[in-house]
Amino acid sequence: MHKLVADEVGITEDRQLHYERWQWGGRLPSERLRGVRGSNVLGLLTFDSDLVHALDVAGPEVQRSVALCAARRACDAAGLTDVGWVAPALTALAQGHPLPAPFDDDDQMWETLRSAPLVPGPTVLGAMPPERPPYFPPPPAGWTWVPAAEPRDDGATRYELDRLPGSRAPMVSASLLVYPGTPDVRGPISQPYFALPAVLAAAEPDPLKAALDAVWHALHTHGEHYPELLKEIWALCPGRARR
């Protein structure tokens, strides 16, 4: 995560909207996305913002298909698909029925997992989102942010405003510091503990929330191999292309 320290500058756009557009991958979220309360949508944005927007406009039928696929693939990755007390839950999801025991009680579900004699799977490291450029506040009209030539001892890069060619904008003084991100190393994960929440998420009444959260949990179940899952999820969004 980059750290940014900025001076106050004049701006050409509402700062909150400008940041929100950056946060949501270059476009503002729909009211549906804004209204998905209690979901992991902001976390999923850091992995694939285009997929978040594609799921938003995909419609309930596709969203349900995505949620079911994510739950199944999470259980596949965790070695749970053929476990006697998990298979009925996946069948219930496919048929649109309520989840059976122990999935109807969180405490009982986790206790069942803890007491289940599961065969350990291969070691998988936690999922890491792709690196993204740091956020820059909107510059005044006729100006752009450019890195200063002088290096800094603390590793930060100072950015200053520079007038665009042909601009007659008045002189503006502003600068900001961008500190290098701290490396985030994810260790081995226990896949079953990420997979079961994907099953619960897929049963959510709101199909959009079900899709977003099931994909989020399935993504973390796959850990470092999550791009394979996202390719399969994208295949369920016909006519939707990455930006």
Quick check on my filter: what residues within the range 119-159 are more than 29 Å from the chain's Cα centre (by Cα), of a type in the set (A, V, I, L, M, F, W, C) and in a loop (DSSP other than H, G, I, E, B)? 119, 141, 148, 149
Scan the range 22-32 and give yes if some residue there is in a helix (DSSP H, G or I) and open to solvent by less than 20 Å² (accessible area, probe 1.4 Å), otherwise no. no
Of the conditions (1) closer than 22 Å to residue 132 by Cβ; (2) modelled with pLDDT of 85 or more; (3) among the basic types (Lys, Arg); (4) more than 16 Å from the chain's Cα centre (by Cα), the single one that residue 34 does not satisfy is (4)
Given (1) within 27 Å of residue 225 (Cα to Cα); (2) hydrophobic (A, V, I, L, M, F, W, C); (3) under 28 Å from the mean Cα position of the chain (by Cα); (4) part of a loop (DSSP other than H, G, I, E, B), index of the condition residue 90 fails: (4)
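In this structure, does residue 60 turn out to be open to solvent by 40 Å² or more (accessible area, probe 1.4 Å) and either among the hydrophobic types (A, V, I, L, M, F, W, C) or modelled with pLDDT of 95 or more (or both)?
Details: open to solvent by 40 Å² or more (accessible area, probe 1.4 Å): yes; either among the hydrophobic types (A, V, I, L, M, F, W, C) or modelled with pLDDT of 95 or more (or both): yes.
When the stated conditions are applied, residue 60 passes them.
Does any residue of the range 8-18 turn out to be among the acidic types (Asp, Glu) and assigned to a helix (DSSP H, G or I)? Steps first, please.
Step one: filter the range 8-18 for residues among the acidic types (Asp, Glu), giving 8, 13-14.
Adding the requirement that they be assigned to a helix (DSSP H, G or I) leaves none.
Checked against the condition, which is being among the acidic types (Asp, Glu) and assigned to a helix (DSSP H, G or I), the range 8-18 yields no hits at all.
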Return the residue satisfying two criteria in turn: it lies in the range 205-234 and is in contact (Cβ under 8 Å) with a residue 12 or more places away in the chain and open to solvent by 60 Å² or more (accessible area, probe 1.4 Å), and of such residues it is farthest from residue 135 (Cα to Cα). 206
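Of the residues 192, 197, which single one is in contact with a Leu (Cβ under 8 Å, 6 or more places away or on another chain), open to solvent by less than 80 Å² (accessible area, probe 1.4 Å), closer than 20 Å to residue 81 by Cβ and outside any loop (DSSP other than H, G, I, E, B)? Spell out the reasoning first.
Numbers: 197 fails: in contact with a Leu (Cβ under 8 Å, 6 or more places away or on another chain).
It is 192.
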Go through 42, 51 for me and flag whichever is buried (at least 20 other Cβ atoms within 10 Å of the Cβ), within 20 Å of residue 202 (Cα to Cα) and among the aliphatic types (A, V, I, L, M). 51
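Given the criteria in contact (Cβ under 8 Å) with a residue 24 or more places away in the chain, within 14 Å of the chain's Cα centre (by Cα) and closer than 29 Å to residue 125 by Cβ, does residue 50 qualify? Give the derivation first.
Numbers: in contact (Cβ under 8 Å) with a residue 24 or more places away in the chain: yes; within 14 Å of the chain's Cα centre (by Cα): yes; closer than 29 Å to residue 125 by Cβ: yes.
Yes: the conditions hold for residue 50.
Go through 107, 162 for me and flag whichever is assigned to a helix (DSSP H, G or I), open to solvent by 70 Å² or more (accessible area, probe 1.4 Å), farther than 18 Å from residue 217 by Cβ and not aromatic (Phe, Trp, Tyr). Can you show your working first?
Values: 162 fails: assigned to a helix (DSSP H, G or I).
None of the others qualify; the one that does is 107.
Is it the case that the range 57-80 has a residue that's farther than 30 Å from residue 178 by Cβ, part of a loop (DSSP other than H, G, I, E, B) and touching a residue at least 60 places away in the same chain (Cβ under 8 Å)?
yes
The values are calculated or read from the model by the stated rules, or taken from the named source; none is laboratory data. Because the structure is predicted, anything quoted here is derived from the model rather than measured. Cβ sites come from the backbone with ideal geometry, for glycine too, and all protein chains shown count toward neighbours. With ligands, DNA and RNA removed, areas are computed over all heavy atoms of the protein, side chains included. Shrake-Rupley method; radii C 1.70, N 1.55, O 1.52, S 1.80 Å.
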